Amino acid sequence: MVQLVGSLRKELADSVSSCKVLVVGAGGIGCELLKNLVLTGFKNIEVIDLDTIDVSNLNRQFLFQKKHVGKSKAQVAKESVLQFCPNANITSYHDSIMNPDYNVEFFRNFTLVMNALDNRAARNHVNRMCLAADIPLIESGTAGYLGQVTVIKKGLTECYECQPKPTQKTFPGCTIRNTPSEPIHCIVWAKYLYNQLFGEEDADQEVSPDTADPEASWDPAQSAARAEASNQDGDIKRVSTKEWARSTGYDPMKIFNKLFKDDIMYLLTMDKLWKKRKAPQPLDWADVQQMACSQEEASGPGLRDQQVLSVRGYSQLFSSSVETLRAQLAEKGEGAQLVWDKDDPPAMDFVTAAANLRMHVFSMNMKSRFDVKSMAGNIIPAIATTNAVIAGLIVLEALKILSGELEQCRTVFLNKQPNPRKKLLVPCALDPPNANCYVCASKPEVTVRLNVSKTLVLSLQDKILKEKFGMVAPDVQIEDGKGTILISSEEGETEGNNSRCLSEFGIRNGSQLQVDDFLQDYTLLVNILHCEDLEKDVEFEVVGDAPEKAPAPSAPEETKNIANGNQDSALPSTSSKAPAEQDDVLIVDSDEEPSSSATDVAAEPGGHKRKLQDAETGEGRSKRKRLEEPTTSADDDIIALD
């Protein structure tokens, strides 16, 4: 057995050995964390992860090997960690933490919970479960060279949802490859495609359908079988995208049909993905070229780069850019590679055309070249050493909790470069709970502005309660003195209400709804403000502070101009709040999503920092209290995860 011996005092060592901990996530941070836990002396560990191992994970998730591709991350992580400490008691679950089986009683079995997650919906859910169970939660996140660890304890600290979150800028691979719901997903996919065809190929930037997508198959055996079928010998021996394109002579028509027809038709066979989403529509090169010339371009006022072309126009731009890039590649000679640059016209033409064609396939409104360029940004790879540092910090905070020294716990930021005091790790005092938080306040309450004559009960359930407020199975009772049940989590009990408007149930301006989610042990009072003149395409507004919507997808409305999973997406969410001096939007390509409070400050020219405006109100949030008096400006300590 390999284990640290004698480094902890006996009382703490006994606590470490006897306590029971839950690790949520077995990816980049999770692998490092599990290894650290057993080497520190933790012996009772449970780990849960829905994902299966992909070949792209192998460069940074060191518990996995080529032979493990397609298998459960949680199960393989358990087997690998037991080689470090065979007498450890580790239980693995290949499942979603949001499964109703993992209720409040399940969470109460643990001394503490450690998050190593990659999406906000799951983070929100674990946050609420730990609050309900009154169990300490250690939250973490990384983005490139940046990272953060914080401790959440009911009644003592901010919870994960106390502050509004910035728009999510990390996207799971299966979202990019299988189920894009926003234009930015298609733009990232197009940049990956450029590199796969003309640049340096990277397994992390695969663009073909992800057959091991856990959402496509909830049966672990099916998921593993799918992965093995498409990843023979660890997905190492398959013909690369570049080799295939070269074998076709970089024929634009063949590449077009492969990407926008054949791959899309294959995605349609993964029918579980489309039960609650609008299915994509394949494009055929011959059919697109036969479109009427009058539809070729959408002419209008403004510069050419600010105009949105038709599908035929983008198909022709795709063809011409492929021809140009093929010629550039040939000029460089055998084995040459091109490097994508937003200021290189052919490269920008290619990404603009490919991204817009994919947007059209997935029923999103297409974007101008100007919009695509503003969103394209830089893609930062996941950094294995960042995950290792953050995992180490998680264990250090866990030791403080087990020592009964919760007041000594800190939020710790890992910066890309030393601050003026030559520190890479910057500790900050934990913030107290936000009295107005709609999750951890003593009586959570929100106000929602909507049109009661137009808003359907189904929209209230899916778009407001589940998508906006992160509930899993809400029950809604109208506070009308009669206890009228509007929505029941029991299947089929109130389905007849779904297509009716709120006004049909006597809901009007000033009405109150009592919403309970028994899985999360969470109750929310919703005040209704009736409004006749909401902005176009806006169904509701939350009055006051509220977080950004959870990234979990919901069923789209069946209207022509609605994007697949969000409304229009006309304003690029990743850039609408960007500082004026920033030229690019940063897209983080990582297993982990940065946690919320590291985004409080951003760099200004000259190396100074300033507070970012709040994503909802436009006002700057107050900065965290420093733990020590700075010798220079305190604002130089934290680097934004943005």
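Using θ = phi - 60° and the Karplus form 6.51 cos²θ - 1.76 cosθ + 1.60, what ³J(HN,Hα) does each residue of segment 275-286 get, whole Hz, x for Gly and Pro?
5, 10, 10, 6, 5, x, 10, x, 10, 10, 4, 4
So which GluC sites (Glu not before Pro) in segment 451-535 end up in coil per DSSP with only 13 or fewer other C-beta atoms within 10 Å?
Loop-located and lightly packed - Glu490, Glu491, Glu493, Glu532, Glu535.
Once you place label points 7 Å from the Cα toward the Cβ at Lys482 and Glu105, how far apart are they in nm?
In this crude spin-label approximation the distance works out to 3.5 nm.
Provide the net charge surrounding Lys454, with neighbours chosen by a C-beta distance below 11 Å and charges set as Lys +1, Arg +1, Asp -1, Glu -1.
In short, -2.
Taking every pair of distinct Cα atoms and averaging 1/r, then inverting, what Kirkwood hydrodynamic radius in Å comes out for segment 354-459?
19.9 Å
Cα centroids of segment 19-42 and segment 347-363: how far apart, whole angstrom?
If you average the Cα positions of each part, the centres end up 41 Å apart.
Segment 308-365: percent of C-alpha pairs farther apart than 15 Å?
Here the long-distance tail beyond 15 Å is 51 percent of all Cα pairs in segment 308-365.
What residues have an amide H closer than 5 Å to that of Met364, excluding those fewer than 5 places away on the same chain, when H is modeled at 1.01 Å from N in the peptide plane?
Sorted by chain and number, the residues that satisfy this are Asn564.
Normalise the Cα radius of gyration of segment 50-114 by 2.2 N^0.38 Å (N = residues in it) and let me know the number.
Normalised Cα radius of gyration, segment 50-114: 1.26.
Sequence-distant or interchain residues sharing an amide H contact under 5 Å with Ile487, placed H: which?
Val476
Hey, rough spin-label estimate for Lys154 and Ala203, points 7 angstrom out along Cα→Cβ, what's it come to in nanometres?
It works out to 4.3 nm between the two label points.
In sequence order, what are the phi-derived ³J(HN,Hα) couplings for segment 37-49 according to the Karplus relation 6.51 cos²θ - 1.76 cosθ + 1.60 with θ = phi - 60°, rounded to whole Hz, with x for glycine and proline?
Here the 3J(HN,Hα) series is 5, 5, 6, 7, x, 5, 10, 10, 10, 10, 10, 10, 7 Hz.
Determine ³J(HN,Hα), in whole Hz, for all residues of segment 129-134 in sequence, where each value follows from phi through the Karplus function 6.51 cos²θ - 1.76 cosθ + 1.60 and θ = phi - 60°; x replaces Gly and Pro.
3J(HN,Hα) across segment 129-134, in whole Hz: 5, 5, 5, 5, 7, 6.
As a test of understanding, state the convex hull volume per residue of segment 101-184 from its alpha carbons, in Å³.
Hull volume over Cα atoms, normalised by residue count, gives 120 Å³.
List, in the order given, every pair from Lys67/Lys261; Lys191/Lys242; Lys71/Lys466; Lys400/Lys422; Lys342/Lys468 whose Cα-Cα distance in the structure shown is over 23 Å.
Beyond 23 Å: Lys67/Lys261; Lys71/Lys466; Lys400/Lys422; Lys342/Lys468.
Which residues' amide hydrogens lie under 5 Å from the amide hydrogen of Glu445, considering only partners 5 or more residues apart or on another chain, with H built in the peptide plane?
Leu525
Give the peptides 73-82, 7-16, 177-186 in descending order of average Cβ contacts within 10 Å, highest first.
Ranking, from highest mean packing down: 177-186, 73-82, 7-16.
In the P(r) worked out for segment 1-115, what percent of Cα pairs fall beyond 20 Å?
Here the long-distance tail beyond 20 Å is 41 percent of all Cα pairs in segment 1-115.
Quick note: the coordinates plus some simple rules give every number you see, no bench work behind them. Note that the structure is a prediction, hence the values are computed from the model and not measured. Methodologically, a virtual Cβ is constructed for each residue, glycine included, from the backbone with ideal geometry; neighbour enumeration extends over all protein chains shown.
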